[in-house]
Amino acid sequence: TFHTSGGYETGSYRVFRQSEGAYVLGHYVRPPVLDADVVSVNTATDELTITAHGLSTGGGPLWITTTGVLPAPLALAVPYWAIVTGANTLKLATSKALALALTPINITTVGSGTHHLATFFTISADIQPEGGAALRDMPEGQHFESTMKLYTDTELLSRSPGYEPDVVEIDGEDWRVFDVDYFGVLSGHYRAKLERMATP
């Protein structure tokens with residue numbers, strides 16, 4: 001949230017990313033959101049079981065997290081795309097092209113703990129208004145700022161070939177990334193500029 005009298009606000013923010021995304025009247029349209037636990041992993045078929053996942057082949061990017069150890073060779077903070085094999089099962093590919101070509105990742109272990117697949121990922125970051133350091137103490141959804149600066153060690157994407165900009169969700173509102181630069185040579189931080197988005 002922005003609820004502080006000045007300086008930076010540190011917190012975790014959800015980021016939505018997709019390749020070849022769509023715009024309606026100039027506003028980003030999210031793909032259907034997947035936010036579900038993996039019920040089981042089958043190393044013989046390379047399939048993940050996720051109840052009523054609602055995806056289509058080529059859907060993604062998808063991001064996997066775990067409370068334990070991920071199935072090998074899956075990794076955190078790496079985008080994957082779906083190869084749908086059933087209403088409750090899918091395989092993962094390392095690109096949309098490979099998903100459409102039905103070329104899955106060979107999963108060799110089931111891992112441990114609870115695995116989770118989602119169409120968003122979460123970053124920890126510092127945020128402040130573009131025009132200054134003072135963050136206004138306003139009710140949710142009523143902030144006056146139209147642009148923000150987000151400092152993070154995760155590089156976000158502005159609009160580029162093959163990708164629409166990342167969208168950062170702050171207090172339930174969508175902010176579109178319109179510029180990114182490498183801010184700290186020593187700290188290794190990126191600075192993303194965000195612009196408020198109206199709801200389509």
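Every number in this text was worked out from the coordinates using simple rules, so none of it is lab data. From a predicted model like this one, the values you see are computed outputs, not experimental measurements. Cβ sites come from the backbone with ideal geometry, for glycine too, and all protein chains shown count toward neighbours.
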For this session: Take each of the peptides 43-56, 117-130, average the number of other beta-carbon atoms within 10 Å over its residues, and list them starting from the highest.
Result: 117-130, 43-56
Exercise. What aspartates and glutamates could a cross-link reach from residue 91, if we take a straight Cα to Cα line under 14 Å and drop same-chain neighbours fewer than 8 places away?
Worked result: 46, 47
For this session: For residue 149, go through the lysines and keep the ones whose alpha-carbon is under 28 Å away, minus same-chain ones fewer than eight residues off.
Result: 193
Seminar exercise, completed: Between the alpha carbon centres of the range 62-101 and the range 40-54 the gap in Å comes to 10
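Kindly state, as a whole number, the per residue volume in cubic angstrom of the convex hull around the alpha carbon atoms of the range 48-139.
Details: hull volume 13.9 nm³, N = 92.
Measuring per residue, one finds 152 Å³ for the Cα hull of the range 48-139.
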Exercise. In percent, what relative contact order does the range 56-131 have, based on Cα pairs under 8 Å that are 6 or more apart in sequence?
Worked result: 38
